[in-house]
Amino acid sequence: MSERLEDIAVAMVANGRGLLAADESTATIKKRFDSIGLESTENSRRDYREMLLRSDDAMREYISGVILYEETLFQKAADGTPLADVIRNAGSIPGIKVDTGAKPMAHFPNETITEGLDGLAARLARYHEAGARFAKWRGVIAISDALPTWGAIRANAHALARYAALCQEAKIVPIVEPEVLMDGAPGDHSIERSEEVTEWVLRTVFEELGELRVRLEGMILKPNMVIDGKKARNASVDEVAERTIKVLKRTVPAAVPGIAFLSGGQSTEEATAHLSAMNAAHDLPWKLTFSYGRALQQEALNAWGGKSENVAAGQRAFAHRAKMCSLAAKGSWTKDFEKAA
Ligand code: 13P
């Protein structure tokens with residue numbers, strides 16, 4: 001496989017494949033495991049992620065890359081194979097979340113700034129050696145009547161650009177993820193407000209990327225969809241798709257090879273339907289695919305339930321959702337495919 005950033009970025013979004021976001025922090029995966037009554041230990045985290053990564057056919061056909069948490073990148077499967085090799089052996093690319101989390105931003109109540117730039121160049125070199133060929137950094141933007149502020153948008157966009165430049169120097173493709181929350185507090189904003197804020201954020205992010213000389217051909221954008229807050233949800237699938245495309249066309253240069261959405265708390269089927277609607281109705285300058293965490297994993301986590309006898313059931317559930325998301329990335333998903341499962 002080519003080591004050129006441009007080629008890696010194109011491979012990450014090609015042929016109806018997309019990304020599996022399995023990079024939950026230790027605190028977040030504990031919450032997911034709590035929901036199935038499973039204790040989060042180094043081994044249970046490994047067993048769960050190994051189950052997903054060993055879904056060989058699904059990985060090969062539908063998953064171009066996997067975003068890992070640092071612990072997983074250096075972890076070995078039960079038989080001693082490094083998990084990064086399990087991913088590569090399935091024809092997929094290992095990636096790594098490199099930010100160290102969104103922290104309260106000084107002087108900006110209820111807003112966050114994402115940390116992790118100090119020492120990042122050295123960490124990226126280690127991750128590259130361990131097999132990672134792309135990375136992820138998530139900036140978080142909260143919506144309320146008074147938020148976001150310009151200060152928080154600009155600080156987060158600047159951090160994303162600094163991270164992206166460091167990645168490219170380390171021969172790692174940056175996934176640039178500015179997430180405008182749909183389920184933050186109060187979470188009752190309209191879709192018009194989501195559109196306005198998402199456009200403002202993306203415009204700022206691309207200005208900062210330009211200032212810091214980030215090569216657009218060698219990156220992937222991971223945005224939220226334009227969608228009303230979780231507590232106010234009533235926009236139709238078509239409205240979400242149309243408003244999202246409108247904002248992306250206004251803000252994302254055609255030089256970017258691909259856009260891989262986060263699911264952000266949408267149900268598995270909502271996230272699938274929205275992506276398919278966008279691809280079905282538009283001829284676009286970039287590939288549009290998925291980089292889902294919850295929307296790819298929820299059914300597999302439930303089917304597995306933390307029990308070794310359910311590994312095959314968990315893998316079946318994962319393969320089904322990955323196939324649905326892949327159909328959506330080609331714009332050919334319909335509800336009928338869900339029933340056929
Ligand atoms: P969700 O799809 O669950 O939002 O996770 C994607 C992700 O990587 C968030 O940073």
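The values are calculated or read from the model by the stated rules, or taken from the named source; none is laboratory data. All of these numbers come straight from a predicted model, not from anything done at the bench. As a convention, Cβ positions derive from the backbone with ideal geometry for all residues, glycine included, and neighbour counts pool all protein chains shown. Accessible surface is based on the protein model in full, side chains and every heavy atom, while ligands, DNA and RNA are left aside. Shrake-Rupley method; radii C 1.70, N 1.55, O 1.52, S 1.80 Å.
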**Q.** Loop sites in region 1-90: GluC sites (Glu not before Pro), DSSP, at most 10 other Cβ within 10 Å
**A.** Glu3, Glu39
Q: Tabulate in residue order the Karplus-calculated ³J(HN,Hα) for region 183-198, using 6.51 cos²θ - 1.76 cosθ + 1.60 with θ = phi - 60°, rounded to whole Hz; enter x for Gly and Pro.
A: 10, x, 8, x, x, 10, 6, 7, 5, 4, 5, 4, 5, 4, 6, 4
Q) Between region 139-159 and region 276-294, what's the alpha-carbon centroid distance in Å? A) 25
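Give the ranking of Glu270, Glu338 by solvent-accessible surface, highest area first, calculated with a 1.4 Å probe.
So the residues, ranked largest to smallest area, are Glu270, Glu338.
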Q. Top to bottom by accessible area (1.4 Å), largest first, where do Ser332, Ser326 land?
A. Ser332, Ser326
Q) What are the residues whose amide H is under 5 Å from the amide H of Glu179, where those residues sit 5 or more places off or on another chain and H is modelled from the backbone? A) Gly139, Val140, Ile141
Q: With a probe of 1.4 Å, find how much accessible area the chain has per residue, and write the answer as a whole number in Å².
A: 41
Q) What percentage of the solvent-accessible surface of the chain, computed with a 1.4 Å probe over protein heavy atoms, is contributed by carbon and sulfur atoms? A) 50
Q) Considering amide H positions built from the backbone, and no H for Pro or chain starts, which residues 5 or more places from Ala135, or on another chain, come under 5 Å of its amide H? A) Ile96, Val173, Ile175
Q: Sort largest first and round to whole Å: the equivalent ellipsoid semi-axes of the chain, each the square root of five times a Cα gyration tensor eigenvalue.
A: 28, 24, 20
**Q.** Cα-projected label distance for Ser308 with Asn15, points at 7 Å along beta-carbon direction, nm
**A.** 3.4
Q. Taking a probe of 1.4 angstrom, what is the accessible area of Arg243 in Å², to the nearest 10?
A. 50
(Q) How much length would be gained if the chain were fully extended between Glu3 and Ala77, taking 0.36 nm per residue of separation minus their Cα-Cα distance, in nm to one decimal? (A) 24.1 nm
(Q) Using the basic label-point model (7 angstrom from Cα toward the beta carbon), what is the Lys335 to Asp188 distance in nanometres? (A) 2.9
Q | Length-normalised contact order for region 1-155 - Cα pairs under 8 Å, 6+ apart - percent | A | 20
Q.
Let me check I've understood the local charge: for Asn89, count other residues with C-beta under 11 angstrom from its C-beta, Lys and Arg +1, Asp and Glu -1. What total comes out?
A. +1
Q.
Can you give the FRET efficiency to the nearest 0.05 for Glu61 and His107, using r as the Cβ-Cβ distance and R₀ = 45 Å?
A. 0.40
Q) Leaving out ligands, DNA and RNA but keeping every protein chain, what accessible area does Tyr62 have, in Å² rounded to the nearest 10, with a 1.4 Å probe? A) 30
Q.
Assuming 0.36 nm per residue, please report the length gained on full extension of the stretch Val237 to Arg250 beyond their Cα-Cα distance.
A. 2.6 nm
Q: Go through Ile36, Ile220 and list them by solvent-accessible area, largest first, probe radius 1.4 Å.
A: Ile36, Ile220
Q: Calculate, in nm to one decimal, what Arg215 and Ser44 gain on full extension: separation in residues at 0.36 nm each, minus their alpha carbon distance.
A: 57.7 nm
Q: Provide the per-residue ³J(HN,Hα) series for region 100-105, in order, calculated from phi with Karplus coefficients 6.51, -1.76, 1.60 and θ = phi - 60°, each as a whole number of Hz, with x at glycine and proline positions.
A: 10, x, 8, 10, x, 8
**Q.** Phi to ³J(HN,Hα) by Karplus 6.51 cos²θ - 1.76 cosθ + 1.60 over region 238-245, Hz, x for Gly, Pro
**A.** 5, 5, 4, 5, 5, 5, 5, 4
Q) Once the whole set of protein chains is in place, how much accessible area is left on Arg215, using a 1.4 Å probe, in Å² to the nearest 10? A) 110
Q.
Could you tell me how far the Cα centroid of region 107-134 sits from the Cα centroid of region 39-88, in Å?
A. 21
Q | Amide proton proximity set for Phe261, modelled H, under 5 Å, gap of 5+ | A | Thr289, Phe290, Ser291
